[in-house]
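Scroll down for the structure; my scribbles are underneath it.
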Amino acid sequence: MELGLSSIKCLQRKLLKNNSNYSHMKSFIIIILLIVGSLQGNAQKIATDQRLSGLDKEVQNLITQYHTAGLAIAVIHKDQVIYSKGFGYRDIEKRLPVDTNTIFGIGSVTKSFTAGLLGVLEGNGQLDLTDVPKKYIPELSFYNTTMDDCIQLHHLLSHSSGVPSTSTESTAVLFGSPNKNELVTRLQYLPPTAAVGEQFIYNNLIYTLAGIVTERITSKSWEQNLSDLIFQPLGTENTYANVFTASKDIDFAYGYAVDATNTIKRVLPEHIPMRSAGGNIYSSIEDMAKWATVWMNEGTYNTTQVLPKSYVHKATSPLQKMSLDTTQPIRHYGYGWMTHTYEGYPKIEHSGGISGYTSNLAMFPSEDLAIVVLTNQTGSSIAYNITDNITNRLLDIKSSDTLNHEIRYSNTFTIDPVNTPTTLNKEHLPSQDLQAFTGTYYHPGFSEFTISYDQGTLYAELPFTKFRLEHHQDNIFIDHFTEEMPLVYWNFLQFNFQANDTGKIDHVLINVDEEPVIFKRVR
């Protein structure tokens, strides 16, 4: 009897959870001895396509150039995994290697799962994608009645609701809450940037709203809905909808970034409940190959209909044009998928990027081809580089602008001591002493934060973190982190304090949207 690698991993997890039981551990050792030979046989089941000859070496070279911790790749052709392999490390400090069951954050590829939930519920007759969200969330209101009446579930999934992206992202991250349902009461205070259905506006928080719709219909959490309606029918063994649960798995990949000396540094995982439905799934390359197969097979995996066939066709259709710029290549968005052409081939894909991870899943339906790349590097373009490299090999594309990718990845930054004094720009001094800026400031679409002063340093205390403020000029201050945070790229805020007619500071403008948002002083 030959056991597959995924079965071995499953046994290992179960036994490690009960490692105090000596007989179990003894049995596990015996099993390992019995299947050592079969592991080699299992590895040989995936015959490498000759067109991928030399790929391993190229990937290793890219890992060196990008200073990448680790990654995993799967290539699926005509329902068969023709290439599946891990590279580098899931844990650099302990030198633990990546394998095909290693768990990475997939970031925004999560959106295809969340949208898929609504597809399943529509197939079950529990909703219609032309319904307005308010039908399932009665207390929900958008900025005006036109939006209330016109925004459909369809618009949530295709990023065409008109609700702005920057302000919702700031609401989720900088002013986030452990209770994602607070989003429902905040949306009415966020003015639109486009009419409903008029423009593509990428929006993580609106996907959270879609996830809440599934919860109201089923009376189960988004996480449980994923498990019941997608993970279990698909037979995934290494996929989680929560970073804390995923990180307990023995094959979890820690997230990394690169510092100024090109040294790989571990970063904190991202846990932002208010945008979980847009990016909080963690999965392995083996499980993601199954997910890609579902989409390539009109919703089925093996003989199981995971997603309705009609939904798969709709979700991968060009529903919303992504750019109004006629000089740019034409790209459209469906439901959790982007559609366009690559060197003349129709392509469906989505990428993902969260703290510590970058992913890419690309499909070429006319060629029955799918490619998945998962990495544990922040803000990296290596996943796209590898995807295009494999695509060019398998589709015999000799010359392409994508053959020479710019090497891009996010860097960590140095945090100065928390008590670094707020030094004033003497040529453009603030209008008042620093203590005059202290107080609590509030906006109903974002919540509140506090400005405090302690021994020469001005601070901004947000729900997300505590910033040390640096004086820029006049009454404008710039944020600086005071502690290690998961989002290495959130360091851009300007606090522009304003005084009333009596000279008292009574509000502050912060650049959390396309136009600065006014936070009024309430205490």
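When Phe464, Phe413 are screened for being open to solvent by less than 70 Å² (accessible area, probe 1.4 Å), in contact (Cβ under 8 Å) with a residue 12 or more places away in the chain, assigned to a loop (DSSP other than H, G, I, E, B) and closer than 29 Å to Pro178 by Cα, only Phe464 passes. Among what's in the range 481-498 and is part of a strand (DSSP E or B) and open to solvent by 50 Å² or more (accessible area, probe 1.4 Å), pick the residue that is farthest from Thr438 (Cα to Cα). Checking each candidate, the answer is Gln494. Applying the criterion of being under 28 Å from Asp251 (Cα atoms) and at pLDDT below 95 to the residues of the range 183-237, the residue that is least open to solvent (accessible area, probe 1.4 Å) is Asn204. In the range 378-397, the residues that are under 16 Å from Glu349 (Cα atoms) form Cβ pairs under 7 Å with partners that are among the acidic types (Asp, Glu) and open to solvent by 10 Å² or more (accessible area, probe 1.4 Å), at six or more places apart or across chains, as follows: Ser381/Glu406; Asn389/Glu58. Would you say Lys248 is assigned to a strand (DSSP E or B), open to solvent by 60 Å² or more (accessible area, probe 1.4 Å) and not β-branched (Val, Ile, Thr)? Judged against the criteria, Lys248 is not a match. Of the strands (runs of 3 or more DSSP E) lying entirely inside the range 268-384, those containing at least 3 residues that are open to solvent by less than 50 Å² (accessible area, probe 1.4 Å), out of contact with any His (no Cβ under 7 Å at 6 or more places or on another chain) and within 27 Å of Ser227 (Cα to Cα) are 282-284, 345-354, 357-364, 369-375.
Looking at the structure I just gave you, is Thr387 at pLDDT below 95, open to solvent by less than 40 Å² (accessible area, probe 1.4 Å) and either part of a strand (DSSP E or B) or β-branched (Val, Ile, Thr) (or both)? No, not satisfied. Filter the range 86-117 for residues that are of a type in the set (Phe, Trp, Tyr) and outside any helix (DSSP H, G or I); which is most open to solvent (accessible area, probe 1.4 Å)? Checking each candidate, the answer is Tyr89.
Kindly indicate whether Ser452 is part of a loop (DSSP other than H, G, I, E, B) and of a type in the set (Gly, Ala, Ser).
In short, no.
Just one of (1) surrounded by fewer than 22 Cβ atoms within 10 Å (Cβ to Cβ); (2) in a helix (DSSP H, G or I) fails for Thr261. It is (2).
Somewhere in the range 154-169, is a residue of a type in the set (Gly, Ala, Ser), in contact with a strand residue (DSSP E or B) (Cβ under 9 Å, 6 or more places away or on another chain) and over 23 Å from Met322 (Cα atoms)? No, that holds for no residue.
Take Glu515 and tell me if it is under 28 Å from Tyr357 (Cβ atoms) and open to solvent by 40 Å² or more (accessible area, probe 1.4 Å). So Glu515 does not fit the description; no.
The values are calculated or read from the model by the stated rules, or taken from the named source; none is laboratory data. As the structure is a prediction and not an experimental result, all values here were calculated from the model. Here Cβ is always computed from backbone atoms with ideal geometry, including for glycine, and neighbour counts include all displayed protein chains. Only protein heavy atoms, including side chains, enter the accessible area calculation; ligands, DNA and RNA are left aside. Shrake-Rupley method; radii C 1.70, N 1.55, O 1.52, S 1.80 Å.
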